[in-house]
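Following: one structure in structure tokens, then a few remarks.
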Amino acid sequence: MEQSLFFLNQISKTYNQGQTVPALNLVSLGIEEGEFIVILGPSGCGKTTLLRILAGLTNPSTGEVFYRGKPISGPDSERGYLFQDPRLFPWLTVGENIGLTNPPESVQFLAEKFGLANFLNLYPQQLSGGMAKRAALARALTNEAKVLLLDEPLSNLDWFTKRELQQELFRVWREEGLSCVMVTHDVDEALDLANRIIIFTPRPGQIYKDVKLELDYPRDSLAQEYIIWRERIITWSMEAR
């Protein structure tokens with residue numbers, strides 16, 4: 001337990017919204033420092049629920065979850081969370097949104113890091129989808145952030161913008177020495193970024209496959225090894241259903 005960044009011991013989660021809806025069932029998982037883990041699975045299989053449990057935004061119904069050997073009791077500044085939509089406050093400028101989680105001296109640095117230096121005085125509704133996602137990423141990357149929890153952060157983007165942001169995420173992970181856990185439906189996105197892929201069954205989510213990718217970075221989607229891994233991941237994902 002103390003050796004893992006996160007340790008989940010037999011966690012289950014059930015929602016009671018007029019009827020009982022099981023989201024996760026007996027998930028046990030260790031996540032190590034510096035990993036880029038991608039969780040793949042169909043809609044409604046509990047991927048986002050698992051991410052929210054890691055963030056301390058919701059509690060498991062049963063089981064235990066630890067961060068650096070201590071029980072998770074709520075959110076903290078070491079664990080940044082990036083939602084599927086940017087969730088920028090519309091009444092604040094880009095600079096003010098980033099400043100919510102960062103000291104003034106860091107705002108300009110982060111703006112330059114993510115190509116936002118000329119957009120600090122704009123409001124979220126004046127940004128493109130890609131720029132709004134960049135601003136949300138800058139806000140999630142606090143000075144104390146050691147972990148990024150990413151809930152389909154590249155969804156609803158055109159192919160070119162998505163590729164650019166994939167490269168940004170990869171660069172941030174490598175340069176900042178972060179640990180990342182991302183959920184997605186996109187097999188190619190998982191193969192481009194992850195060094196470990198976890199495949200979930202349909203609801204209630206359970207781990208069907210947990211694999212470490214033996215692929216060097218940067219990934220080449222035309223390389224034979226990449227194609228072989230892609231076929232494996234697709235096959236396992238279909239079997240999990």
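Given the structure, is N156 at pLDDT below 90 and more than 23 Å from R79 (Cβ to Cβ)?
For N156, the condition - at pLDDT below 90 and more than 23 Å from R79 (Cβ to Cβ) - is met.
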Members of segment 208-220 found to be surrounded by 17 or more Cβ atoms within 10 Å (Cβ to Cβ) and either of a type in the set (K, R) or in contact (Cβ under 8 Å) with a residue 24 or more places away in the chain (or both), listed by number: Y208, K209, L215, R219
Restricting attention to segment 119-165, the residues that are within 20 Å of V187 (Cβ to Cβ) and small (G, A, S) number exactly 1
Which condition from (1) farther than 22 Å from Q10 by Cβ; (2) basic (K, R); (3) under 19 Å from the mean Cα position of the chain (by Cα) is the one that R230 breaks? (3)
Residue list for segment 221-241, restricted to those being surrounded by 11 or more Cβ atoms within 10 Å (Cβ to Cβ) and small (G, A, S): A223, S237, A240
Within segment 18-47, track down each residue that is at pLDDT below 95 and among the hydroxyl-bearing types (S, T, Y). T20, S43
Suppose the filter is within 24 Å of I72 (Cβ to Cβ) and either surrounded by 14 or more Cβ atoms within 10 Å (Cβ to Cβ) or within 17 Å of the chain's Cα centre (by Cα) (or both); does G177 pass it? yes
Taking the criterion of being β-branched (V, I, T), closer than 14 Å to A138 by Cβ and buried (at least 22 other Cβ atoms within 10 Å of the Cβ), would at least one residue in segment 20-33 satisfy it? no
From F89, F66, grab the single residue that is among the aromatic types (F, W, Y) and without any contact (Cβ under 8 Å) to a residue 40 or more places away in the chain. F89
Since L154 meets every condition but one in (1) surrounded by 18 or more Cβ atoms within 10 Å (Cβ to Cβ); (2) of a type in the set (A, V, I, L, M); (3) closer than 20 Å to F89 by Cβ, which condition does it not meet? (3)
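The values are calculated or read from the model by the stated rules, or taken from the named source; none is laboratory data. Nothing here was measured: the structure is a model prediction, and the numbers come from that model. Heads up, the Cβs are rebuilt from the backbone with ideal geometry, glycines too, and the neighbour counts pull from every protein chain shown.
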